[in-house]
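The block underneath contains the structure these notes are about, expressed in structure tokens.
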Amino acid sequence: MSILCWHIDGLKPESHLKVLYDPLHGTERIGLMKAGIEEAQGMADERSLETEHHFDWNQYERGTKGSSSLTFRVHPDTDLTLPVLQITGEKEGPSLLVFAGIHGDEYEGIDTILRLYNQLSPQDVIGRLVMLPTANPLAYRGGTRISPDDDVNLARAFPGDPERSITQQLAYVLHHQFIAHADFLLDLHSGGTHYAVATMVGYYHDEHSELGQRSRAAAIAFGMDLLWAHSTIAAGRSISSAQSLGIPWLYTEAYGGRRIRQQDSDSFYTGSLRLMNHLKMLVAPDQRELGKSPASIQTIYGDGNFDASVVSEAEGFFIPRVKLMSEVHLGDLIGTIYALSGESLQEVRAYADGFLVMMVGTPIVKRGEPIYLLAASHE
Ligand SMILES: [Zn+2]
């Protein structure tokens, strides 16, 4: 990876600003940066940041709103561009970072970010709202969960590595240029193409630490009726990156299926506003439709690692027998995989008591594909 380039529009009507800098330290990379600046000459109103090794969010002037893009070159010679939408209020306050599209086939978060960007003005915001509608442009382009270029799941690649594959390099940029500068990370996910997932908000569960207490409070404030409490966070996630830096985070899940259910769109959007309100980032919260808090909240537990899902032992057609979000008991029939001859190939049964938090959403299953995932109903 070599050159990073910020292209910022919309900060001021007259501005068309291109900023170049190198995210890495060291003389070799300073040289690369200079080469990049030379390449970029001729652009209107450009300026270099030779003395800076990271993008400073303070460059978003107070009282501005705009779209920008971060372009960086990954080795050997591919340019990746991340769109960035920001709204910066007049008053200083927290920086809330929102990711969507870590998986390229999950669209609810993109919907949320576009709604927030269009509904909020700098006059509505205290602090900074920085949003990446497609945190994984490779997978977005492919409409896939993982990056088609290197078959790497971005949600397993954090904090990234500038010397490894393209998705590892992308994770490195997301960690260093975005997560590291945030006061709070909200990462919006859903079931995507293949999975049906309970709509919920996930948080770090530790009653004894300040980070855990703040996480729980933020999760409740989000306003969903289902919370997933994780006392351990599997490595490689955006949220594990945030956790390693002591930055509080939440993530969401939703039903998915490449179609956005209206209720999921609304709960993500309202939840994001409620989170901003919780973080004291809304100027006039009483003028917003923040909805009612749910009458009751259910908390489920476990590490939330989809890699630990029960997988198919056969290739066939899966017919579920229980509904998503059911309570199941050890040995209960979750569903059956059939051959097209009508023969039953595999009865998929619950390996424990638990809450059915994910189930395969597309009935044609291959051997080794995830079929279901349980969360613990109790701590
Ligand atoms: Zn996802």
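The values are calculated or read from the model by the stated rules, or taken from the named source; none is laboratory data. Note that the structure is predicted; figures quoted are calculated from it, not measured. Don't worry about glycine lacking a Cβ; one is built from the backbone with ideal geometry, like all the others, and counts go over all protein chains shown.
Here are the numbers:
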quantity	calculated
Where G304 falls short, out of the listed (1) in a loop (DSSP other than H, G, I, E, B); (2) modelled with pLDDT of 95 or more; (3) crowded, with 17+ Cβ neighbours inside 10 Å	(2)
Residue list for segment 249-268, restricted to those being under 14 Å from the mean Cα position of the chain (by Cα) and within 19 Å of Q287 (Cα to Cα)	F268
Candidates G331, G361 - the one that is at pLDDT 95 or above and at positive phi	G331
Conditions (1) closer than 29 Å to P159 by Cβ; (2) of a type in the set (A, V, I, L, M); (3) within 16 Å of the ligand (Cβ to nearest atom); number of the one not met by I260	(1)
Among residues of segment 193-226, those that are touching a residue at least 24 places away in the same chain (Cβ under 8 Å) and under 19 Å from G271 (Cβ atoms), counted	21
Members of segment 89-115 found to be within 14 Å of the ligand (Cβ to nearest atom) and in a loop (DSSP other than H, G, I, E, B), listed by number	G101, I102, H103, G104, D105, E106, Y107
Given (1) within 17 Å of G302 (Cα to Cα); (2) of a type in the set (V, I, T); (3) surrounded by fewer than 20 Cβ atoms within 10 Å (Cβ to Cβ), index of the condition I247 fails	(1)
Filter result for V348 (more than 16 Å from the ligand (Cβ to nearest atom) and among the β-branched types (V, I, T))	yes
Among the residues listed as A139, A135, the single one being within 13 Å of the ligand (Cβ to nearest atom), touching a residue at least 24 places away in the same chain (Cβ under 8 Å) and not in a loop (DSSP other than H, G, I, E, B)	A139
Filter result for F72 (aromatic (F, W, Y), within 16 Å of the ligand (Cβ to nearest atom) and either in the same structural domain as G256 (by TED's automatic domain parsing) or touching a residue at least 12 places away in the same chain (Cβ under 8 Å) (or both))	no
Any hit, segment 206-217, residues being closer than 22 Å to K280 by Cα and within 16 Å of the ligand (Cβ to nearest atom)	no
Filtered residues of segment 315-325 (kept if free of Cβ contacts under 8 Å to residues at least 60 places away in the same chain and either crowded, with 18+ Cβ neighbours inside 10 Å or touching a His at 6+ places or on another chain (Cβ under 7 Å) (or both))	G316, F318, P320
Every residue from segment 152-187 that is part of a loop (DSSP other than H, G, I, E, B) and within 16 Å of the ligand (Cβ to nearest atom)	N153, A157, F158
Which listed residue is surrounded by 22 or more Cβ atoms within 10 Å (Cβ to Cβ), assigned to a loop (DSSP other than H, G, I, E, B) and within 16 Å of the chain's Cα centre (by Cα), from G202, G191	G191
Residue match in segment 322-329 (condition: out of contact with any strand residue (DSSP E or B) (no Cβ under 7 Å at 6 or more places or on another chain), away from the ligand (no atom under 16 Å from the Cβ), within 30 Å of I113 (Cα to Cα) and among the aliphatic types (A, V, I, L, M))	no
Q86, sole failed condition from (1) surrounded by 22 or more Cβ atoms within 10 Å (Cβ to Cβ); (2) part of a loop (DSSP other than H, G, I, E, B); (3) away from the ligand (no atom under 16 Å from the Cβ)	(2)
Segment 272-323, residues that are more than 26 Å from A155 (Cβ to Cβ), touching a helix residue (DSSP H, G or I) at 6+ places or on another chain (Cβ under 8 Å) and of a type in the set (A, V, I, L, M)	L282, V283, A284, L290
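Let's see how each residue does on (1) farther than 19 Å from A375 by Cβ; (2) away from the ligand (no atom under 13 Å from the Cβ); (3) not in a loop (DSSP other than H, G, I, E, B):
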position: A235; (1), (2), (3): yes, yes, no
position: S241; (1), (2), (3): yes, yes, yes
position: G246; (1), (2), (3): yes, yes, no
position: T252; (1), (2), (3): no, no, yes
position: G256; (1), (2), (3): no, no, no
position: Y269; (1), (2), (3): yes, yes, yes
position: L275; (1), (2), (3): yes, yes, yes
